[in-house]
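To keep things clear, I will list the structure first and then write my remarks on it.
The values are calculated or read from the model by the stated rules, or taken from the named source; none is laboratory data. Computed from a predicted structure; not experimentally measured. Heads up, the Cβs are rebuilt from the backbone with ideal geometry, glycines too, and the neighbour counts pull from every protein chain shown. SASA here: full protein model, heavy atoms, side chains in, ligands and nucleic acids out. Shrake-Rupley method; radii C 1.70, N 1.55, O 1.52, S 1.80 Å.
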Amino acid sequence: MNKNDKRFKEQIASVLDTDPQRIHLYWKGRVALFAMLKAAGIKAGDEVIIPGFTCVVVPNAIIYSGAIPVYTDIQRKSLNPSFEDIRGAVTQKTRVIVLQNTFGLSSDLELITEWAAANGVLTIEDCTHGFGGKYKGRPNGTFCDAAFFSTQWNKPFSTGIGGFSAVFNTKLQESLTEVAKSLILPGWYDDAMLRGLIMSRKYLLTPATYYTLRSFYRLLSKLNLTIGSSSGDELRDPLMPVSYFKAMGKTQVNAGIHEIATLDMVLSLRKKNAAIYTHVLAEHGKYHVSPDLHQNHSFLKYPVLVTNKKKFEDCARRERVDLGDWFVSPLHPVEKDFEKWHLSVENVPVSAYIANHVLNIPTDTTHPERVVALLEKNLDLLL
Ligand SMILES: Cc1ncc(COP(=O)(O)O)c(C=O)c1O
């Protein structure tokens with residue numbers, strides 16, 4: 001194994017308190033999910049349960065594997081399905097349950113994993129938002145048979161785009177090691193383009209340019225003119241793009257080795273800011289993350305609910321507060337033709353409601369007072 005890959009895996013494994021051999025590296029987090037479904041021997045007609053409040057690339061990976069995604073609605077408080085929601089979705093065909101860490105929050109993990117283990121159903125944690133946080137004292141991503149993580153732009157630490165998996169189920173680990181042998185390496189174009197994007201982000205992204213650059217980058221991605229979080233094809237149809245099954249390349253690994261070293265510092269900033277926001281929102285009787293859920297969560301995003309997203313965003317733009325817009329729909333960022341992904345929005349009413357009203361205030365800012373001022377100025381818009 002390449003020296004840098006080895007070092008990066010060791011760094012990841014030390015955060016997860018596990019063996020580096022359990023870690024595999026990929027071009028994106030979604031590829032990790034697909035690889036694990038393949039390794040689990042998922043076949044046509046199998047069902048995989050996922051939250052009805054997720055990113056479209058999750059059902060994409062499931063559909064590419066031949067299986068059918070089955071959606072469960074979420075709870076308003078935890079932004080995740082409850083144990084009962086998931087039990088209600090299980091059928092004879094259920095092979096896997098994907099448990100998502102949403103914005104840093106997990107829910108009912110111990111109940112669900114215990115039930116699944118007793119019933120021969122595999123559990124995979126979608127920990128793309130949660131690396132570095134903890135759930136009930138254990139590192140996020142270590143509760144299930146396996147977990148996948150993302151190192152895309154806005155994640156706990158970034159390699160531009162990227163992802164990795166950690167597998168704790170011995171049988172799955174053995175077959176994943178086989179499956180991973182067919183990952184292809186990124187080419188020189190991918191590598192050079194990604195290096196350019198990482199440099200541009202470093203030198204061009206400021207509070208003054210945030211909204212313009214974000215729109216521009218999303219447009220280029222949609223038109224397949226740059227390496228994006230998602231290509232236009234992935235958002236149009238659940239058909240696997242060419243060269244999807246890619247490993248992590250050397251630019252990503254080098255960025256990862258450097259960036260993961262900042263994780264503790266960023267996490268403590270996120271938690272400190274989240275505590276400030278919780279206090280302010282609770283004091284005004286507004287929707288907030290309940291302290292009983294979040295002692296050790298990583299708060300990649302802090303969700304607020306607003307009556308009018310556009311008005312709140314316009315004000316944030318003027319005040320130079322970088323808002324996130326996850327998730328714009330139950331299948332972010334897709335906003336129509338949900339049936340292509342087997343989703344009936346009527347079956348996930350809470351997810352649809354939250355998607356219509358949620359915005360994310362930044363937790364990695366060194367200016368939380370600006371965010372608090374934005375909240376206090378817009379109390380009438382906050383739910
Ligand atoms: C909940 C969720 N799952 C999976 C992913 C996919 O991660 P990646 O972009 O690394 O493939 C994302 C991306 O943001 C996500 O939000």
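Under a point spin-label approximation (7 Å from Cα along Cα-to-Cβ), what is the K246-S290 distance to one decimal in nm?
For the pair K246/S290, the computed spacing is 4.3 nm.
Among V31, V167, V345, determine the one that fluctuates most according to a GNM of the chain built with springs between C-alpha atoms less than 10 Å apart.
Highest fluctuation among the options: V345.
Rounded if a/c is under 1.5, else prolate if a/b beats b/c, else oblate: with a ≥ b ≥ c from the C-alpha gyration tensor eigenvalues square-rooted, which is the range 188-243?
Oblate shape, in that a/c is at least 1.5 and b/c is the bigger or equal ratio.
Counting only heavy atoms of protein chains, what accessible area per residue, in Å², does the chain have with a probe of 1.4 Å?
43 Å²
Choose one of L16, P59, L219: the residue whose Cα lies farthest towards the positive end of the charge dipole of the chain (beta-carbon charges +1 Lys, Arg; -1 Asp, Glu; about the Cα centre).
L219
Only Cα pairs under 8 Å and at least 6 apart count here; give the relative contact order of the range 225-335 as a rounded whole percent. List each step's numbers first, then the result.
On the way: 41 pairs, mean separation 20.9, N = 111.
Computed value for the range 225-335: 19 percent relative contact order.
Work out the FRET efficiency for A282 and T262 from their Cβ-Cβ distance, taking R0 = 30 Å, and round it to the nearest 0.05.
0.50
Less than 10 Å Cβ to Cβ from Q100, Lys/Arg counted +1 and Asp/Glu -1: what total charge do the surrounding residues give?
My count for the surroundings of Q100 gives -2.
How many nm separate the modelled label positions at A275 and A373, each set 7 Å beyond the Cα in the direction of the Cβ?
2.4 nm
With contacts defined as alpha carbon pairs under 8 Å and 6 or more residues apart, what's the relative contact order of the chain in percent?
21 percent
Run the dipole for the chain about the Cα centre, Lys and Arg Cβ at +1, Asp and Glu Cβ at -1, nothing else charged, and hand back the magnitude in debye, nearest 20.
Numbers: 44 positive and 39 negative charges, 197 e Å.
Dipole about the Cα centre, nearest 20: 940 debye.
Note the full-extension length gain between D337 and E313 as 0.36 nm times their separation in residues minus their Cα-Cα distance, in nm to one decimal. Show your work: numbers first, answer last.
On the way: separation 24, 0.36 × 24 = 8.64 nm, distance 2.60 nm.
Taking D337 through E313 to full extension adds about 6.0 nm, to one decimal.
Rank these by accessible area, largest first, 1.4 Å probe: S200, S14, S158.
Reading off the accessible areas and sorting them downward yields S14, S200, S158.
Is there a quick way to get the dipole size of the range 263-381? I mean about its Cα centre, with the Cβ of Lys and Arg at +1 and of Asp and Glu at -1; what is the value in debye to the nearest 20?
The dipole magnitude comes to about 240 debye.
Give K134/K336; K43/K250; K155/K222; K77/K336 a once-over and call out the pairs whose C-alpha atoms are over 29 Å from each other.
Violating the 29 Å limit, Cα to Cα: K134/K336; K43/K250.
Using a probe of 1.4 angstrom, how much of the accessible area of the range 263-381 is carbon and sulfur, in percent?
The value for the range 263-381 is 51 percent carbon and sulfur by accessible area.
Roughly what % antiparallel, to the nearest 5, for the DSSP beta bridges in the chain?
In the chain, approximately 50 percent of DSSP beta bridges are antiparallel ones.
If you average the sequence gap of Cα pairs under 8 Å that are 6 or more apart and divide by the length of the range 188-243, what percent do you get for the contact order?
21 percent
Give the long-range amide H neighbours of I68: residues separated by 5 or more places, or on another chain, with amide H under 5 Å away, using H modelled in the peptide plane at 1.01 Å from N.
G45, D46, E47, V48
Once amide H atoms are placed 1.01 Å from N in the peptide plane, what residues at a sequence separation of 5 or more from L99, or on another chain, have their amide H within under 5 Å of its amide H?
Correct list: I124, E125, D126.
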